[in-house]
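Nothing in this text is a laboratory measurement; each read-out follows from the coordinates by a stated rule. Everything quoted here is computed from the prediction, not taken from an experiment. Heads up, the Cβs are rebuilt from the backbone with ideal geometry, glycines too, and the neighbour counts pull from every protein chain shown.
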Amino acid sequence: MSGASAGERLQKVLAQAGLGSRRHCEQLIAEGRVRVNGRPAELGARADPLTDLVEVDGVPVAVSPKIVHYALHKPAGCLTTASDPQGRPTIMPLLPSEPRVFAVGRLDMDTSGLLLVTNDGDFAQKVSHPRFGVPKTYLAEVSGHAGSGHVAKLRAGVELEDGRATAERVRLSGIKGGHSLVELTVREGRNRLVRRLLEAVGLPVVSLVRTSIGPCRLGRLKAGTYRPLSAAEVHELLSSAPASVD
């Protein structure tokens with residue numbers, strides 16, 4: 001195991017990855033919660049962030065400085081693809097040119113809000129896989145007056161052209177310019193699902209914002225800007241993912 005004799009002290013590697021102070025990371029190691037290349041780590045162990053697999057509680061930790069995970073506030077009117085044959089705007093100019101990254105899942109062109117972006121293929125696969133079912137919350141401005149009847153229908157389930165769909169949580173959030181505000185959470189990733197759900201119960205969407213993906217929240221992140229995900233956010237997302245996504 002290269003981490004036993006090469007690289008940096010393990011607690012330093014963990015601290016640099018955002019797992020807490022070096023003292024806290026030493027405690028994680030002492031409690032037997034850290035493994036390097038599949039073997040339990042001990043205090044004094046070393047790890048090479050570029051080559052060693054470091055896990056905490058069985059979940060891989062992104063310790064390599066080459067691996068990035070971003071939260072992007074995607075503006076409405078741009079695509080999540082790297083390029084577009086029709087020349088429409090994409091998210092790529094909003095992000096660093098290096099390292100090259102890609103979107104985790106999708107967010108339709110007309111919808112704004114939280115989008116995860118990374119160069120970590122394993123992270124992307126686990127977070128976006130249907131078996132994961134990560135909850136995604138949206139705030140919709142809709143035409144008409146949303147009431148308890150609409151909420152009941154969304155919770156009970158709606159028949160769409162590609163099958164039945166439900167909202168896990170629905171909350172009426174007030175009025176904006178004569179339109180109703182509806183917050184809802186879904187666990188599926190079907191194309192334009194939230195818009196289709198609301199339209200099916202008679203609430204056409206005027207604007208739609210994704211406010212959270214699992215533990216990651218949009219917060220006050222301004223449209224067109226991004227921030228690195230914290231190690232805690234990455235760890236929480238991965239710890240909920242299935243062990244296998246075959």
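Loop-only check: which trypsin sites (Lys or Arg not before Pro) in segment 21-68 are DSSP coil with at most 13 other Cβ within 10 angstrom? List each step's numbers first, then the result.
Numbers: sites: Arg22, Arg23, Arg33, Arg35, Arg46, Lys66; in loops: Arg33, Lys66.
Answer by residue number: Lys66.
Need the full-extension length gain, Lys66 to Leu172, defined as separation in residues times 0.36 nm minus the C-alpha distance. One decimal, nm.
That pair, Lys66 and Leu172, stretches by 33.9 nm at full extension.
For the chain, what is the largest minus smallest coordinate of the Cα atoms on each principal axis, given in angstrom and ordered from greatest to least?
If we take the Cα atoms of the chain, the spans are 65, 40, 34 Å.
Hey, what did segment 132-211 get for relative contact order, percent, Cα under 8 Å, at least 6 apart?
45
Bin width 10 Å, origin at 0, all Cα-Cα pairs of segment 102-213: what percent of pairs per bin?
Percent of Cα pairs in each bin: 14, 47, 29, 9, 1.
Tell me the label-point distance for the pair Ser148, Arg106, using the 7 Å Cα-to-Cβ offset, in nm and rounded to one decimal.
My value for the distance between the label points is 3.9 nm.
Would you calculate the separation in nanometres between label points at Ala6 and Gln86, each defined as 7 Å from the Cα along the Cα-to-beta-carbon direction?
5.0
I'd like the Karplus ³J(HN,Hα) series for segment 139-146: coefficients 6.51, -1.76, 1.60, θ = phi - 60°, whole numbers in Hz, and an x wherever there's a Gly or Pro.
Residue by residue, segment 139-146 yields 10, 10, 9, 10, 6, x, 9, 7 Hz.
For every other residue with a beta carbon closer than 9 angstrom to the beta carbon of Leu115, add +1 if it is Lys or Arg and -1 if Asp or Glu, then tell me the sum. Intermediate results must be reported in sequence, preceding the final value.
Details: positive: Lys74, Arg106, Arg210; negative: none.
Residues near Leu115 contribute +3 overall.
Compute the distance in nm between two label points, each set 7 Å from the Cα along the Cα-to-Cβ direction, one at Leu50 and one at Ala76.
Here the modelled spin labels are 4.6 nm apart.
Can you tell me what the convex hull of the Cα atoms of segment 26-152 projects to on average, as an area in nm²?
Over all viewing directions, segment 26-152 projects a mean Cα-hull area of 12.2 nm².
Could you give the length gained by full extension between Ser207 and Arg131, i.e. 0.36 nm per residue of separation minus their alpha carbon distance, to one decimal place?
Extra length available between Ser207 and Arg131 comes to 24.5 nm.
Loop-only check: which GluC sites (Glu not before Pro) in segment 13-110 are DSSP coil with at most 16 other Cβ within 10 angstrom?
On the way: sites: Glu26, Glu31, Glu42, Glu55; in loops: Glu31, Glu42.
Counting only loop positions with at most 16 other Cβ atoms within 10 Å, the GluC sites (Glu not before Pro) in segment 13-110 are Glu31, Glu42.
Using the beta-carbon distance between Arg192 and Arg23 and R0 = 45 Å, what value does 1/(1 + (r/R0)^6) give for FRET efficiency, to the nearest 0.05?
Numbers: r = 48 Å, r/R0 = 1.06.
After rounding, the FRET efficiency stands at 0.40.
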